Amino acid sequence: MAQQFGLGRGLSSLIPNKQPAQKSADEFSKRVVGGADEAIRGDKYVIEVDVNQIIANPHQPRTQFDDERLESLAQSIKMHGIIQPLIVSKNGNQYELIAGERRFQAAKRAGLKKVPAIVREADELQKLELAIVENVQRHDLNPIEEGKAYQKLTDEFQMNQEEIALKMGKSRSLVANKIRLLSLPVEIQSGLIGGKITEGHAKAILSVDNPEKQRALYELILKSNLTVRQIEDKTKEVSVRSHQRQVTVDPQMKALENALVEILGTKVKISKAGDGGKIVIEYYSKEDLEALLEKLAQGK
């Protein structure tokens, strides 16, 4: 049986649970305000508003849209229209989108000139909360977008993780884990967004503190197609080896390494062996290698 996802407490407070009874012509009035046809029902009203009057929610947490799913929704809207109105707030002569970003994008793709919307008053915090609630409840945010949304509630509105969890209907540990994903190196975050690894892989990688080791584990997942359980075993091996190996760092060699890193712009490792040793210079692409060769040639 397919799982049903609700709208969450935030959105359910915006949209009445029951459809209002059909009103007579005397009870149901229409007017035009700022170019939008408004159907007034007491203090609540649904509008048919020109798509060119709708502006983006500056707090919209979602940045990634699946093009195939968006096109599918656009085709459905062409046939059936928009069944569930968008939620907007008045902003001068325009309407700021609070919830319904994907429906709005699909409606424009379908060629609609006007879209149905429910108008509500909302402050900046409420706009962010409602945008997050809609996307989270519909499972529309990738883990990084969700983590950034929770982090924004902390940074801009001084909410702690307990408060965020309560607002979103989530556990505090889930909120904390989503935010922790933001500490991963950017290439691993991109891999998670792009579906190259799962959130389970990412959480396992986070059990290793060193960013270079995190990158190495990420590359190993991609190269060997490791499962989450396999990568968890690998992280345990890395942790055990790190505790067992107490290496004395030679300050002089470390200073030389740092000097070479500064000159070459990449990771450099110097290993001593008696009076000699070796220098390992890392590169990550053909372009990196060509740049390194050019720098070394200039030093002749």
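The values are calculated or read from the model by the stated rules, or taken from the named source; none is laboratory data. Note that this is a predicted model, so its numbers are computed, not measured. Heads up, the Cβs are rebuilt from the backbone with ideal geometry, glycines too, and the neighbour counts pull from every protein chain shown.
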State yes or no: is Ala110 within 17 Å of the chain's Cα centre (by Cα) and crowded, with 16+ Cβ neighbours inside 10 Å?
no
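Each row is one residue, and each column tells you yes or no for (1) more than 26 Å from Leu128 (Cα to Cα); (2) under 23 Å from the mean Cα position of the chain (by Cα); (3) of a type outside the set (Gly, Ala, Ser); (4) modelled with pLDDT under 75.
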| position | (1), (2), (3), (4) |
| --- | --- |
| Gly10 | no, yes, no, yes |
| Gln64 | no, yes, yes, yes |
| Ser72 | yes, yes, no, no |
| Tyr95 | no, no, yes, no |
| Arg102 | no, yes, yes, no |
Enumeration of residues in the stretch 251-290 that are polar (S, T, N, Q) and within 21 Å of Glu187 (Cα to Cα)
Thr266, Ser285
Enumerate the pairs (first residue in the stretch 257-284 and touching a residue at least 24 places away in the same chain (Cβ under 8 Å) and under 25 Å from Glu219 (Cα atoms); second residue anywhere and surrounded by 11 or more Cβ atoms within 10 Å (Cβ to Cβ) and basic (Lys, Arg)) with beta-carbon separation below 7 Å, excluding pairs fewer than 6 apart on the same chain, so at least 6 apart or on different chains.
Leu264/Lys295
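Under the condition of being aliphatic (A, V, I, L, M) and either over 22 Å from Leu217 (Cα atoms) or touching a Gly at 6+ places or on another chain (Cβ under 6 Å) (or both), which residue from the stretch 239-256 is modelled with the highest pLDDT?
Once the filter is applied, the top-ranked residue is Leu256.
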